[in-house]
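A short worksheet on the structure shown next.
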Amino acid sequence: MKSKNPLFCDQVQPQVLGIHPYIPGKPVSELQRELGLQNITKLASNENPLGASPKVIEAIQAELVDIARYPDGSAYALKHTLAEFLGVQASQLVIGNGSNEVLELVARVFAGPEDEIIYSQYAFAVYPISAQVVGATGVEVPAKDWGHDLSAMLAAVTDKTKVIYLANPNNPTGTFFSKQAWQAFIEKVPQNIIVVLDEAYVEYAQSFLDADVFFNGVDYIDDYPNLLVSRTFSKAYGLASLRIGYMVGNPETIQYINQVREPFNVNHYAQVAAQYALADQDFVNEAVLVNQQGMRQVIEVLEELDIQYIPSIGNFVCIDLGEAALEYNQKLLKEGVIVRPVANYGMTNYLRISIGTQVENQYFIDALKKVYQP
Ligand SMILES: Cc1ncc(COP(=O)(O)O)c(C=O)c1O
């Protein structure tokens, strides 16, 4: 039986009481339960609409016999494959249960009460949560044109700053900062402050940007020992359900992160899948191409309907539906389309739409046209 006012509640750490939990996209099964709909299109979690490489599926199936065994806690094989792919040493890698895990671990290793962690307004929701969990003060720097204002972030540095989180491109806004802006920033950050560059959508970003504007954070690791770059297999590689991502940095920093992670944080199937996924770059290229085409398909209709949006180089786009955004969200749900409200980011007028296949995008477009009243 539940007691009404359990005494242990008084013992919950004060920083935990203040946490606003991460709000995930609504699962298809939940909408099915709620509205009894059969045909549902989910464009709410920036997943890969093509699924995963068939080679990955085949490889995992072949490994099912090993289900009773613990995974390799050091992820030896994956780290070596990944090290070769990235042109780094295996000792420069930590593998996470999604990149979400490694992003949080950085705060645990480098910050505590009294410290400050800087991130941008509208930046990925996991950064403020990571700061709060360790009792650090989250310093939110106002965004510029929905994106990171790197000069203002530099100006926010104090002697209490321990970590700066950056997302390039950012989720949910899809904004990016250029190679020039990045270089001007990273060379000025004091070397005792950890800079985390979250590149969850790097594959899509590269496909949208000119070569002189795009940059790859891993290229800067050797020059900046305080830099950590995180990537994920959840997006372009299509492994969101398996939960696997990683962080690259200098071996010493990485070693500390490895020290605090759970011994078996990444399951065997995720490790195997990631290796096969890396080997199938044709699949990644196809996913990126489908995203480019899908983005064009959606943007064309937004322009036709005169709906404002934030230009995005990710696999999602935020659209401005004014004060009625949440009502539109409900109407789209009734049409069987799940998108993502972003009011929790302070973007009350916006909905974030993940780019799907041509057919899924059309499903969204038809529903939007049906419910939209300018
Ligand atoms: C900017 C950004 N970083 C990190 C993540 C975490 O992804 P995962 O934990 O699936 O690797 C996401 C997921 O949506 C994201 O948008």
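The values are calculated or read from the model by the stated rules, or taken from the named source; none is laboratory data. Since the model is a prediction, treat every value here as computed from it, not as a measurement. Here the Cβ is made from the backbone with ideal geometry for all residues, glycine too, and neighbour counts use every protein chain on show. Side chains included, ligands, DNA and RNA excluded: accessible areas come from the protein's heavy atoms. Shrake-Rupley method; radii C 1.70, N 1.55, O 1.52, S 1.80 Å.
For the chain, the mean residue ellipticity at 222 nm estimated from helices alone is -11500 deg cm²/dmol, where every DSSP H run of n ≥ 4 contributes -39500 (n - 2.57) and the total is divided by all residues, rounded to the nearest 500.
Beyond 29 Å in Cα-Cα separation lie the following of the pairs 55/79; 55/179; 144/188; 42/179: 55/179; 42/179.
Backbone amide hydrogens, once placed in the peptide plane, bring residue 316 within less than 5 Å of 355, excluding anything fewer than 5 places away on its chain. Backbone geometry of region 204-210 corresponds, through the Karplus equation with coefficients 6.51, -1.76 and 1.60 at θ = phi - 60°, to 3J(HN,Hα) couplings of 5, 4, 4, 6, 9, 9, 5 Hz, x marking Gly and Pro.
On a per residue basis, region 54-280 carries 42 Å² of accessible surface, using protein heavy atoms and a 1.4 Å probe. Extension gain for residue 285-residue 262 works out to 5.0 nm (0.36 nm per residue, less the C-alpha to C-alpha distance). Rounded to the nearest whole Hz, the Karplus-based 3J(HN,Hα) values (6.51 cos²θ - 1.76 cosθ + 1.60, θ = phi - 60°) of region 82-89 follow the sequence 5, 4, 5, 4, 8, x, 10, 8, with x at glycine and proline. For residue 334, the aspartates and glutamates whose Cα falls under 18 Å of its own Cα, not counting residues fewer than eight places away in the same chain, are 30, 34, 360, 366. Placing unit charges on the Cβ atoms only, positive for Lys and Arg and negative for Asp and Glu, gives the chain a dipole magnitude near 1000 debye about its Cα centre. Would you mind classifying the chain by shape? Square roots of the alpha carbon gyration tensor eigenvalues, ordered a ≥ b ≥ c; an a/c under 1.5 is rounded, otherwise it is prolate if a/b is larger than b/c and oblate if not. Note, shape of the chain comes out rounded.
Other residues lying with their Cβ under 15 Å from the Cβ of residue 88 contribute a combined charge of -4, Lys and Arg counting +1, Asp and Glu -1.
The H on the amide N of residue 138, modeled in the peptide plane, is under 5 Å from the matching H of 117, each at least 5 residues off or on a different chain. Per atom type, the chain shows carbon and sulfur on 51% of its accessible surface, probed at 1.4 Å. Note that region 99-107 has calculated 3J(HN,Hα) couplings of 5, 3, 5, 5, 4, 5, 4, 4, 5 Hz, one per residue in order, obtained from phi through the Karplus relation 6.51 cos²θ - 1.76 cosθ + 1.60 (θ = phi - 60°); glycine and proline are x. For residue 151, the accessible area of its heavy atoms, probed at 1.4 Å with every protein chain present, is near 90 square angstrom. Amide H to amide H, with H built 1.01 Å from N, residue 235 comes under 5 Å of no residue 5 or more places away or on another chain.
Sites listed here are GluC sites (Glu not before Pro) in region 103-136 whose DSSP assignment is loop and whose Cβ has at most 15 other Cβ atoms within 10 Å: 114.
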